[in-house]
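All remarks here apply to the structure that follows.
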Amino acid sequence: MLEGREIKVEINDINHDGEGVGRDDGRVVFVPGTVPGELVSVRLTEVRNNYARGIPLEIISPSRNRQAPLCSVASKCGGCRLQHITYEEQLRLKTGLVRQNITRIGGADGSLVKPIIGMADPWHYRNNVRFKVRRRNGRVLLGFYEQESHRLAIIDGNEEEPCLLAHRELNEVAMSARRLMEENSGRHQDIPEEIQLRRGSSGEIMVILIAEPGKNSSLISLAEGLISIPGVISVIEYKRPADKKGYGRYKRLAGTEFIVDEINGLKFKISAGSFYQVNPVQTAVLYQIALDYCNLQGQEELADAYCGVGTITLYAARKSAMVRGYEVVTGAVQDARVNAELNGIKNASFYEGPAEKVLPQHIAKGFKPSVIVLDPPRSGCRPKVLEAAANSGARRIVYISCDPATLARDVRRLSELGYEPLEVQPVDMFPHTAHVECVVLMTNVNNK
C-alpha cells in the first residue's frame, strides 16, 4: 500500500482547488496548505495511477510568500484555501492558472491573458454569506463545513469578526442572530439548518432561514426577533424539497420581499432566490470591462444569456438600441423586469427558460444580435448556446466565467465555430479563495 507513505515533495504550482502541486516518481501530487517554491514532507492519503494526494507533515523549506492566516480556522474551513499565501502571490498564481487553462484546454495563446485585477483591501468584501447552524450543549453555533467533509468548522469564537470575508455588518447580524437563537433555545425553539445573509449597498440586509428538508419547523418567532436587528429589513424562510430535486419554496416571514443594491447609477431589487455577484467592489470593475469589450455605439441589439436579475443587460441597455436577457430562474426574471422599470429602461426584454432552448429559438426566428454576452454558471455553457451564438453571426461575444477550465473549453468550441479570442481579463472577485472570474472578448473572424 502506497497510502501512508511519507515522501518529500517540491511544490511548483497550485491547482483550481488551491492545493499545492508537486511530483513524485512521475506522479502528480496534490498537497493542500502549501505554497509554490516549498519543499515539504508529505504523508500520502490517496494514490492513483497518475496522481496522488497527501497532507503536509513539515514545511522543510518555507516559501517567502508564505504568511500566517488571519483566521483561526483557515486551515480547516472550506472557504479560504489561500490565506496562507501573500495576496500579491495569490494574484500571480491566479493569473498563471488562467493562462494554463486558456493554453492547454482552450488552445489559445496564453499571452492573451492580462494580469489579474486585484483589490486594494481584500477583506470583508462579501455581501452574501451562508452559515451552518448547530445546537450543542445548550449553545447555538455558527460555522462552515471543513474541507471535503460535513464536519463543522466553528467560526464564532471571535464575536466581532466570525468571517473575515463577510461584510462587517453581516458579521454583526450573524452574531446577533446567534445570540437570539441561543437565548430562546431553552424553550425548544426551532432553529434553521442554515442562515444566509445578503446585503445591498443601501445597507439593507436580508436574512434567509434555510429549514431542514422535510421538517415542519416554525421559525416565525425567530423571524420576529431578527427583523428588530438594525439593518435587517427582510426575513425569508426557504424550504428545500424533501427529495432534494428541483427548486425549494421561499416564504416571507417578516419585512419586505427584497433588498436594493446599486451599481454605477443603476438600482437592483434582489429577492431571496436570485443570483447576484457577492463582491460589489469587483463587480463594478468586472461589468465595466464587459461593457468596454461590447464596444457599444448605441445602435446595436444585444443578447445576454444567463442574465440573472438583469445587471449586465441593463448596463448594456443604456448604450444599445435593444437588449434581450435570458434566464431560467423565475424569480430572477421577475426581478429583472422590475429592475428595468425601476431604472426607467424601456429597451430591455427578459425571457424565462433555459438559455439552450430559448436563445436558439429566437436566433432561428431571425433575431440577429450584434453582441452576445454569456455569463453561465460554473459548469459553463451548454453546446446549443454556443452554437446559437455562432449561428447568430454576432460581431462580438463577451464571455464572463467563474471557472477557468470550463471557460477555456467553451473558448475552444467558439474558436471552432468561427470566433477568435482577443483578450482575457481575470478579475479577483474572491480573494483568499482559489476561485477566479474572467472576461473574454471574442470576435467573429468573418465579421470583424
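The set of residues from segment 3-14 being assigned to a loop (DSSP other than H, G, I, E, B) and at pLDDT below 95 comprises 3, 4, 5.
Is segment 367-380 home to any residue that is over 26 Å from the mean Cα position of the chain (by Cα), in contact (Cβ under 8 Å) with a residue 12 or more places away in the chain and in a helix (DSSP H, G or I)? Spell out the reasoning first.
Within segment 367-380, the first condition is being over 26 Å from the mean Cα position of the chain (by Cα), and the residues that meet it are 367-370.
Then keep just the ones that are in contact (Cβ under 8 Å) with a residue 12 or more places away in the chain; that gives 367-370.
In the following step, the residues that additionally are in a helix (DSSP H, G or I) were identified as none.
No, segment 367-380 has no match at all.
Within segment 321-334, being out of contact with any helix residue (DSSP H, G or I) (no Cβ under 6 Å at 6 or more places or on another chain) and within 17 Å of residue 377 (Cβ to Cβ) holds for 328, 329, 330, 331, 332, 333.
Condition first: part of a loop (DSSP other than H, G, I, E, B) and either in contact (Cβ under 8 Å) with a residue 24 or more places away in the chain or touching a helix residue (DSSP H, G or I) at 6+ places or on another chain (Cβ under 8 Å) (or both). Can you find one or more residues in segment 336-345 that meet it? Give the derivation first.
Keep residues of segment 336-345 that are part of a loop (DSSP other than H, G, I, E, B), which gives 343-345.
When the remaining residues are screened for being either in contact (Cβ under 8 Å) with a residue 24 or more places away in the chain or touching a helix residue (DSSP H, G or I) at 6+ places or on another chain (Cβ under 8 Å) (or both), the result is 343, 345.
Yes.
Yes/no per residue for (1) assigned by TED's automatic domain parsing to the domain that holds residue 306; (2) buried (at least 19 other Cβ atoms within 10 Å of the Cβ); (3) in contact with a His (Cβ under 7 Å, 6 or more places away or on another chain); (4) assigned to a strand (DSSP E or B):
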position	(1), (2), (3), (4)
236	no, yes, no, yes
241	no, no, no, no
250	no, no, no, yes
267	no, no, no, yes
270	no, yes, no, yes
287	yes, yes, no, no
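From the list 313, 283, 330, the one residue that fits, being assigned by TED's automatic domain parsing to the domain that holds residue 437, of a type in the set (Ser, Thr, Tyr) and in contact with a Gly (Cβ under 6 Å, 6 or more places away or on another chain), is 313.
So that you can scan it fast, the table gives a plain yes or no per residue for (1) in contact with a Gly (Cβ under 8 Å, 6 or more places away or on another chain); (2) charged (D, E, K, R); (3) at pLDDT 95 or above:
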| residue | (1), (2), (3) |
| --- | --- |
| 147 | yes, no, no |
| 154 | yes, no, no |
| 162 | no, no, no |
| 167 | no, no, yes |
| 170 | no, no, yes |
| 178 | no, yes, no |
| 205 | yes, no, yes |
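A single member of 104, 66, 43 is out of contact with any strand residue (DSSP E or B) (no Cβ under 9 Å at 6 or more places or on another chain) and modelled with pLDDT of 95 or more, and it is 104.
Looking at this structure, is residue 298 over 20 Å from the mean Cα position of the chain (by Cα), in a loop (DSSP other than H, G, I, E, B) and of a type in the set (Gly, Ala, Ser)?
Numbers: over 20 Å from the mean Cα position of the chain (by Cα): yes; in a loop (DSSP other than H, G, I, E, B): yes; of a type in the set (Gly, Ala, Ser): yes.
Against the criterion (over 20 Å from the mean Cα position of the chain (by Cα), in a loop (DSSP other than H, G, I, E, B) and of a type in the set (Gly, Ala, Ser)), residue 298 qualifies.
Matching residues to (1) within 22 Å of the chain's Cα centre (by Cα); (2) free of Cβ contacts under 8 Å to residues at least 24 places away in the same chain:
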residue	(1), (2)
257	no, yes
263	yes, no
271	yes, no
276	yes, no
287	yes, no
293	yes, no
308	yes, no
313	yes, no
321	no, no
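So, in segment 80-130, of the ones that are small (Gly, Ala, Ser), touching a residue at least 40 places away in the same chain (Cβ under 8 Å) and over 27 Å from residue 274 (Cα atoms), which residue ends up surrounded by the fewest Cβ atoms within 10 Å (Cβ to Cβ)? Among those residues, the one meeting the criterion is 107. Against the numbered list (1) touching a Phe, Trp or Tyr at 6+ places or on another chain (Cβ under 6 Å); (2) surrounded by fewer than 22 Cβ atoms within 10 Å (Cβ to Cβ), residue 405 comes up short only at (1). Please specify each residue of segment 247-277 satisfying the condition of being farther than 22 Å from residue 343 by Cβ and not aromatic (Phe, Trp, Tyr). Those that are farther than 22 Å from residue 343 by Cβ and not aromatic (Phe, Trp, Tyr): 248, 249, 251, 252, 253, 254, 255.
Name the one entry in 137, 101, 49 that is more than 20 Å from residue 13 (Cα to Cα) and not assigned by TED's automatic domain parsing to the domain that holds residue 190.
Going through 137, 101, 49 in turn, the sole match is 49.
Taken over segment 60-79, the residue count meeting the criterion of being crowded, with 17+ Cβ neighbours inside 10 Å and of a type in the set (Val, Ile, Thr) is 1. Which residues, counting only those in segment 234-258, are within 11 Å of residue 198 (Cβ to Cβ) and modelled with pLDDT of 95 or more? Matches in segment 234-258: 234, 236. No other residue among 72, 63, 41 is touching an Asp or Glu at 6+ places or on another chain (Cβ under 8 Å), part of a loop (DSSP other than H, G, I, E, B) and among the polar types (S, T, N, Q) apart from 63.
The values are calculated or read from the model by the stated rules, or taken from the named source; none is laboratory data. This is a predicted model, so every value here is computed, not measured. Heads up, the Cβs are rebuilt from the backbone with ideal geometry, glycines too, and the neighbour counts pull from every protein chain shown.
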